[in-house]
Amino acid sequence: MAHILISAAHKSSGKTTVAAGIAAALAKQGRTVQAFKKGPDYIDPMWLAAATGRACHNLDYQTMTKAEILAAFAGHGHDADISVIEGNKGLYDGLDLEGNNSNAALASLLQAPVVLVLDTQGMTRGIAPLILGYQAFDPGVRIAGVILNKVGGSRHEAKLRAIIEKYTDVPVLGSVYRQPALEISERHLGLIPSNETANARAVVSAIADVIALEVDLGAILKAAATAPALSAAPGPGRSRAAPDLRIAIARDSAFGFYYPGDLEALEAAGAELVPFDTLIDRRLPEADGLFIGGGFPESHLTALEANVPLRTHIRDAIEMGMPAYAECGGLMYLARSLSWRGEKRKMAGVIPADAVMHKQPQGRGYTRLRETGKGPWPMLADGGGRAEFAAHEFHYSSLENVSGPVEFAFEVVRGVGVDGEHDGIVYKNLLAGFAHLRDTEANRWTGRFVNFVRATRESGAYRVSGPVANEQDGADANAPPWADQVSRVYMVGAGPGDPALLTVRARHLIEGADIVVYDRLVSDEILAVIPSGTARIFAGKAARDHFMPQEEVNELLVRLACSGRRVVRLKGGDPFIFGRGSEEASYLAEHGISFEVVPGITASTGCTARAGIPLTHRGVSRSVTFVAGHRQDGQDLDLNWKALADPKSTLVVYMGLTNVEKISRELIFAGLPGYTPAAAIEKGTTPDQRTVITTLAELPDCVRSENLQAPTLLVIGEVVKFAESLSWACAAVGCDLEAYG
């Protein structure tokens, strides 16, 4: 099998342009050309594939054994007239002192003649010792010739040829002049993947025409023919199983970084790969799983943000349990936002973090990862321990403003990852990280992923009966439902936290739901009531931190209803008491969606009853007032303090922890005595309920000293005194007082 390795003295010598040009020029002659690329890379292989019309395969010492490299080379090149291998960096450059993973080592392994591409700018006589040194450094590497690149003109070429002929025995196989057309092409080849360039074939064709004129293709073929036949037999071809599941894969100008061998492995494991375009398609294709590889999403910020239906559909699918895998650019796309060059755009919003591009690489090179055991489809080491494997990363982006605790699939043994110590964010059935994996003997990740997708589908944890988003292009925004089959949305009050306080109707609806959209104040104990096969979507909000803005929650409920599934909107307490339930119900009504409101025990009644505090009592309190104690959109807490400062009434303050000092100060200023009894009830009705008794004046200091956290209900009025005698469920404590009750 004829083959040749094209290398250089150093990087940025124009090696990729020359290699792609030679491959394309030979293909234009009607020859079957197979391209290979040394090391981990996506951009160069994509251009080489465009040049040959065949997938380019990587040969990488970091992720492959020598036997794998030989088998892959023989397997993919056995039917080609010539194989062209493009090296990376310089011929002798490598990670270790001995050069065991260098281009020279690969040339020796494959017994490939080497063609050196030499950048001759500013060089004349000095080219001779350069060539002689490369020859002498490793006599086992056979340099079959050199190609002079970026030559200044005919006089420059003549001098170089004369010097090389006088001092060396290495033939000159070509002389490529410096010219604007090739400089533009080199910028394309080095920085822009072929999937981002609409005229990729034209670019490659233009390079091929130049190379055909300035490189002796006959001499290249003759040198390649001197390569001895390799003893390694082609590796066993992948026996492709009949596809029994579908994986949607992003293939467009924003996302295109995929190893051909990995895609073949996914198909061999039984997956049908269904491409979609993140810039154009309005929805995911019908699929059981999702794969978003790397790329340059930052180059398509506006278009990605503008495709709201697809971003929303992807987020909904992942929230409902669709198995998904994303690498680097895919991770960035799944974040809340992506910022580049001072421009910030919304992304899918699955991962609670913002992706930010920097001027310098944040992670670059080979990595080594160790499984944490928290990933959805982990690899086990021999004996069942946590496995380690090699991967690679190259990203200018980082994740910032990460909200809440994050679980990771990998510990970073070498490299950077997400935070310098971990990579592979795990969220529901999603795995998303900066590392690029490679399916080799050391890490058969594709089989594990496909098996996980299959198991998830068979378990019913993710339903593929139809997509969630069902938005018609060009539909009137004010039109009634977007789908023929529309379900009712059940707005269910979860109560203050104790599952035993759920109404019978509420529990029945929760247990029969297909999808539950829940808030931050729904307790873990209530969430445990949701069946394991039911999709859950978190739509929580806290002060100045909305995981999902209210407008998006409203739109989500309409889309879910249009999917024909049984939707429960689960809200802490009662949906119509400080729960924005009426806003959501109004939006549903505007869009023709029927709904039912299932009341819940509100925190004011549940928490105070458990604390032994009656909200009204004859002769003590004749009325009760509920207020929200948080500021809306940064505005001042503007309440009718004079009306609230009624000593014959009970005041219950929801969400007042942050503004407790202002609440105390304003009520006292309005005339309510500072000695008025007050209580703060934390995590009411749960096993962790704490009731702290104090006075209105001392309430702020008491909240601080007891380190009370949300959710905490504030109760102010003479009825608080009854906690001393009526507290039946848990002890109430006074600030600096002994527990009683």
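Could you tell me whether ALA50 is over 20 Å from GLY294 (Cβ atoms) and not in a loop (DSSP other than H, G, I, E, B)? When the stated conditions are applied, ALA50 does not pass them. Comparison of GLU661, GLU666, GLU698 shows that the only residue that is over 14 Å from ALA611 (Cα atoms) and surrounded by fewer than 17 Cβ atoms within 10 Å (Cβ to Cβ) is GLU661. Note on region 636-646: residues that are touching a helix residue (DSSP H, G or I) at 6+ places or on another chain (Cβ under 7 Å) and part of a loop (DSSP other than H, G, I, E, B) total 2.
Out of GLY122, GLY94, GLY99, GLY140, one residue alone is out of contact with any Phe, Trp or Tyr (no Cβ under 8 Å at 6 or more places or on another chain), surrounded by 14 or more Cβ atoms within 10 Å (Cβ to Cβ) and part of a loop (DSSP other than H, G, I, E, B). It is GLY94.
Quick check on region 484-503. Is at least one of its residues within 30 Å of VAL522 (Cα to Cα), polar (S, T, N, Q) and either part of a helix (DSSP H, G or I) or modelled with pLDDT of 95 or more (or both)? There is no residue in region 484-503 that is within 30 Å of VAL522 (Cα to Cα), polar (S, T, N, Q) and either part of a helix (DSSP H, G or I) or modelled with pLDDT of 95 or more (or both).
Within region 580-616, the set of residues being at pLDDT 90 or above and surrounded by fewer than 15 Cβ atoms within 10 Å (Cβ to Cβ) comprises SER582, GLU583, SER586, ALA589, GLU590, GLU596, THR616. Could you list all residues from region 76-91 that are buried (at least 18 other Cβ atoms within 10 Å of the Cβ) and under 22 Å from TYR259 (Cα atoms)? If the condition is that a residue be buried (at least 18 other Cβ atoms within 10 Å of the Cβ) and under 22 Å from TYR259 (Cα atoms), then HIS76, GLY77, ALA80, ILE82, SER83, VAL84, ILE85, GLU86, GLY87, ASN88, LYS89 are the ones that fit.
Quick check on region 72-90. Is at least one of its residues in a helix (DSSP H, G or I), touching a helix residue (DSSP H, G or I) at 6+ places or on another chain (Cβ under 8 Å) and in contact (Cβ under 8 Å) with a residue 60 or more places away in the chain? Step through it out loud before you land on a result.
Start the filter on region 72-90 by keeping residues that are in a helix (DSSP H, G or I), which leaves 72-77.
Among the residues that remain, those that are also touching a helix residue (DSSP H, G or I) at 6+ places or on another chain (Cβ under 8 Å) are: 72-73.
Among the residues that remain, those that are also in contact (Cβ under 8 Å) with a residue 60 or more places away in the chain are: 72-73.
Yes, there is a match, as at least one residue in region 72-90 is in a helix (DSSP H, G or I), touching a helix residue (DSSP H, G or I) at 6+ places or on another chain (Cβ under 8 Å) and in contact (Cβ under 8 Å) with a residue 60 or more places away in the chain.
Scan region 162-178 for residues that are at pLDDT below 95 and basic (Lys, Arg) and the total you get is 1. Right, GLY564: under 17 Å from MET491 (Cα atoms) and part of a loop (DSSP other than H, G, I, E, B) or not? Yes, satisfied. Picking from residues in region 192-217 that are touching a strand residue (DSSP E or B) at 6+ places or on another chain (Cβ under 8 Å) and modelled with pLDDT of 70 or more, the one that is nearest to ALA27 (Cα to Cα) is ILE211.
Of everything listed in (1) of a type in the set (A, V, I, L, M, F, W, C); (2) modelled with pLDDT under 90; (3) surrounded by fewer than 22 Cβ atoms within 10 Å (Cβ to Cβ), the single unmet condition for VAL529 is (2). Exactly one residue among LYS11, LYS37 is at pLDDT below 95 and among the basic types (Lys, Arg), and that residue is LYS11.
Considering only region 373-385, how many residues are more than 18 Å from the chain's Cα centre (by Cα), part of a loop (DSSP other than H, G, I, E, B) and closer than 23 Å to THR456 by Cβ? Outline the logic, then answer.
Residues of region 373-385 that are more than 18 Å from the chain's Cα centre (by Cα), as a first pass: 373, 379-385.
Pick out the ones that are also part of a loop (DSSP other than H, G, I, E, B) and you get 373, 379, 381-385.
Then keep just the ones that are closer than 23 Å to THR456 by Cβ; that gives 373, 379, 384.
The total comes to 3.
Looking only at residues in region 617-635 that are in a loop (DSSP other than H, G, I, E, B) and more than 46 Å from the chain's Cα centre (by Cα), the one that is surrounded by the most Cβ atoms within 10 Å (Cβ to Cβ) is VAL620.
The values are calculated or read from the model by the stated rules, or taken from the named source; none is laboratory data. Just so we're clear, the structure is a prediction, and the values are computed from it rather than from any experiment. Positions of Cβ are backbone-derived with ideal geometry, glycine not excepted, and every protein chain shown enters the neighbour counts.
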